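Novice: The following block contains the structure, expressed as structure tokens.
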Amino acid sequence: MKILIMGVDGYIGFPLALRLLTRGHDVYGIDNFITRKRVQKVGSDSALPISSFAFRNSVIKKKFGKGIGFFYGDATNPKFIYRVINEVRPDAIVHLAEQRSAPYSMIGLKEANETMVKNIVSTLNLIYAVKDITPEAHILKLGTMGEYGTPNIDIPEGFFEIEYHGRKDVLPFPRNASSWYHWTKVHDSNNLMFANKVWGTKVTDVMQGVVYGTRTEEIEKTGLYTRFDIDEVYGTALNRFTAEAIINEPITPYGKGGQTRGFLSLNDSIECLTLALENPPEFGEYRVFNQFDEKYSVNQLAEMVRDLYKEKFGKEPEIVHVDNPRVEKEEHYYNPEHEKLKALGYKRTKDIKSEIYDAIDDLNKFKERLMNLRNVIMPRTYWKKSAYNL
Ligand SMILES: NC(=O)c1ccc[n+]([C@@H]2O[C@H](COP(=O)([O-])OP(=O)(O)OC[C@H]3O[C@@H](n4cnc5c(N)ncnc54)[C@H](O)[C@@H]3O)[C@@H](O)[C@H]2O)c1
């Protein structure tokens, strides 16, 4: 299959490209390296050192005998997207090329606008280019479990049957996001659903849980790390906790720590995306996958990091709760369904504890680097203080 990855230089895009190459696909990618720049803009950097894309690609060519067909450019430029789709004529496009940090989108109006415009426009460009050039191509779009919010009822995979005033229908499950970033994903989902209704576009809309971990088989084989962010803007809770333990700082859950989310390992995220690509929807189908493996509360994550760090180094990090910079429920019901990927054959490859253990190992090799990033871990971006900063 010819597969185009938009956002091929990112945390998920890079290891996904490696996996697809080893499975014999022709892999193409686009990126404008904006995550590298945005992370630097907030004073941070990937905790694991990552080489330039050109160097990565040269190593891949040597190891796998075949590289990634790379196009440098911005997904929000329609001419660029049309040119690439026309040149590659992909069977499938994986769209990962969006601003992916909730805190970044909440810094102020400038970042809110940037996130809103960039994310929605990139998806619309792709929708139109596929409709006009390769209408049979499969769009695999990364959304987030955060689109649903945390309702006090079970969360289905995209749609549910509802009865109101004696009549029944199957409707999209209500979305209730908790940052501008998460709302962009809701808007993308609506736009993809609409494109499917009008033009029959084949879409898999992935509601992905939080991805953790540093390793896949191919990362280990090539020695090429994927990025790993630990700062308050781009780092997930688990990434930040792991870094805090390594630099001997307290582990700092936000608020009460009862916030519960779905999680899956990097390797499992890549497995799921590969399964979705190799089992595409029919023309005219729009399907939603809830892509996560297990749910954990923030407190459970903190305790796992504490216990695993102690097991490895004999020293127990302290857990200190800090004021929650976000506006979110800190204790709530959470029960999303996730059966569709299992029906395609998805099985978990690695459990969270061994993944955290490996991440501690990998990050500990760069303790010095982490020490230099220590000032960017604690929260500085507050939902209620979101600023006008043009
Ligand atoms: N990592 C997670 O835990 C997670 C969870 C749920 C959903 N997602 C979604 O998955 C996708 C990928 O996430 P990630 O963690 O790999 O993010 P990432 O930021 O590491 O990767 C995104 C890549 O896309 C590129 N990019 C962004 N905007 C672009 C544009 N306009 N033009 C060209 N390139 C652009 C970036 O430079 C980066 O290399 C995102 O859409 C994110 O919202 C991620």
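Novice: Answer with one residue from 275, 204, 230: the one whose Cα lies farthest towards the positive end of the charge dipole of the chain, charges on Cβ with Lys, Arg +1 and Asp, Glu -1.
Specialist: The listed residue farthest towards the positive side: 230.
Novice: Give the lysines whose C-alpha is closer than 16 Å to that of residue 118, dropping any in the same chain fewer than 8 places away, or say none.
Specialist: Correct list for residue 118: 37, 79, 110, 141, 185.
Novice: How big is Rg to Rh over region 239-342, alpha-carbon atoms, Rh as the Kirkwood inverse-mean-distance radius? Can you show the working numbers first?
Specialist: Values: Rg = 17.5 Å, Rh = 16.0 Å.
Taking Rh as the inverse mean 1/r over Cα pairs, Rg/Rh reads 1.09.
Novice: Give the calculated FRET efficiency between residue 52 and residue 161 to the nearest 0.05, with a Förster radius of 56 Å applied to their Cβ-Cβ distance.
Specialist: Details: r = 50 Å, r/R0 = 0.90.
Using R0 = 56 Å, I get an efficiency of 0.65.
Novice: Still on this structure, I have one more. Starting from the Cα gyration tensor of region 2-381, take the square roots of the eigenvalues, sort them a ≥ b ≥ c, and report rounded, prolate or oblate (rounded when a/c is under 1.5, otherwise prolate if a/b is larger than b/c, else oblate).
Specialist: Working: a/c = 1.61, a/b = 1.19, b/c = 1.35.
Judged from the Cα gyration tensor, region 2-381 comes out oblate (a/c at least 1.5, b/c at or above a/b).
Novice: If you take the charge dipole of region 19-112 about its Cα centre, with +1 on Lys and Arg Cβ and -1 on Asp and Glu Cβ, which of 67, 44, 28 is farthest toward its positive end?
Specialist: Comparing the listed Cα positions along the dipole, 67 ranks first.
Novice: Select from 296, 246, 78 the residue farthest towards the positive end of the dipole of the chain; place +1 on Cβ of Lys and Arg, -1 on Cβ of Asp and Glu, and compute about the Cα centre.
Specialist: Toward the positive end, the furthest listed residue is 78.
Novice: Whole-Hz ³J(HN,Hα) for each residue in region 121-138, computed from phi via Karplus 6.51 cos²θ - 1.76 cosθ + 1.60 with θ = phi - 60°, x for glycine and proline: what do you get?
Specialist: Ordered by residue, 3J(HN,Hα) equals 5, 4, 5, 5, 4, 5, 4, 5, 5, 5, 4, 7, 10, 10, x, 8, 6, 9 Hz.
Novice: A further question on this structure: Quick one: of 256/353; 61/340; 62/295, which pairs are farther than 28 Å apart, Cα to Cα?
Specialist: Numbers: 256/353 22 Å; 61/340 35 Å; 62/295 39 Å.
61/340; 62/295, as the Cα separations exceed 28 Å there.
Novice: For region 1-54, what is the Kirkwood hydrodynamic radius in Å, using each pair of distinct C-alpha atoms? Mind showing how you got there, number by number?
Specialist: Values: mean 1/r = 0.0830 Å⁻¹.
About 12.1 Å, per the Kirkwood formula over Cα pairs.
Novice: Now for a separate question. In whole Hz, with x marking every Gly and Pro, tabulate ³J(HN,Hα) for region 204-217 from phi via Karplus 6.51 cos²θ - 1.76 cosθ + 1.60, θ = phi - 60°.
Specialist: The phi angles translate into 10, 9, 8, 8, 8, x, 6, 9, 10, x, 10, 10, 9, 3 Hz.
Novice: With a ≥ b ≥ c taken as the square roots of the eigenvalues of the C-alpha gyration tensor of region 215-291, please select rounded if a/c is under 1.5 and otherwise prolate if a/b is larger than b/c or oblate if it is not? Walk me through the numbers before you get to the answer.
Specialist: Working: a/c = 3.50, a/b = 1.58, b/c = 2.21.
Because a/c hits 1.5 or more and a/b fails to exceed b/c, region 215-291 counts as oblate.
Novice: So what is the relative contact order of region 2-381, in percent, for Cα pairs below 8 Å that sit 6 or more residues apart?
Specialist: Working: 732 pairs, mean separation 77.5, N = 380.
For region 2-381, the relative contact order is 20 percent.
Novice: Under a Cβ-only charge scheme (Lys and Arg +1, Asp and Glu -1), can you give me the dipole magnitude of the chain about the Cα centre, in debye to the nearest 20?
Specialist: In debye, rounded to 20, the chain gives about 1000.
Novice: Give the aspartates and glutamates whose C-alpha is closer than 17 Å to that of residue 384, dropping any in the same chain fewer than 8 places away, or say none.
Specialist: Output for residue 384: 111, 232, 323, 328, 330.
Novice: Between residue 344 and residue 248, what's the calculated FRET efficiency when r is the beta-carbon distance and R0 is 30 Å? Round to 0.05.
Specialist: Working: r = 43 Å, r/R0 = 1.45.
Efficiency for this residue pair is about 0.10.
Novice: With a ≥ b ≥ c the root eigenvalues of the C-alpha gyration tensor of region 1-122, is it rounded (a/c under 1.5), prolate (a/b larger than b/c) or oblate?
Specialist: On the way: a/c = 2.42, a/b = 1.40, b/c = 1.72.
Cα axes put region 1-122 in the oblate bin.
Novice: Here is a further query. Can you give me the distance in nm between label points at residue 385 and residue 361, each placed 7 Å from the Cα along the Cα-to-Cβ direction?
Specialist: A separation of 4.0 nm, rounded to one decimal place.
Novice: Something else about it: How much length is gained on full extension from residue 353 to residue 1, taking 0.36 nm per residue of separation minus their Cα-Cα distance?
Specialist: Values: separation 352, 0.36 × 352 = 126.72 nm, distance 3.45 nm.
Gain in length upon complete extension: 123.3 nm.
Novice: Taking the Cα of residue 256, stepping 7 Å toward and past its beta carbon, and measuring to each backbone N in region 311-333: which are under 19 Å?
Specialist: Residues 320-333 fall inside that zone.
Just so you know, all these numbers are worked out from the coordinates, no wet-lab data involved. A quick note: this is a predicted structure, and the numbers were derived from the prediction, not measured. Because the Cβ atoms are built from the backbone with ideal geometry, glycine has one as well, and the counts that use them run over all protein chains shown.
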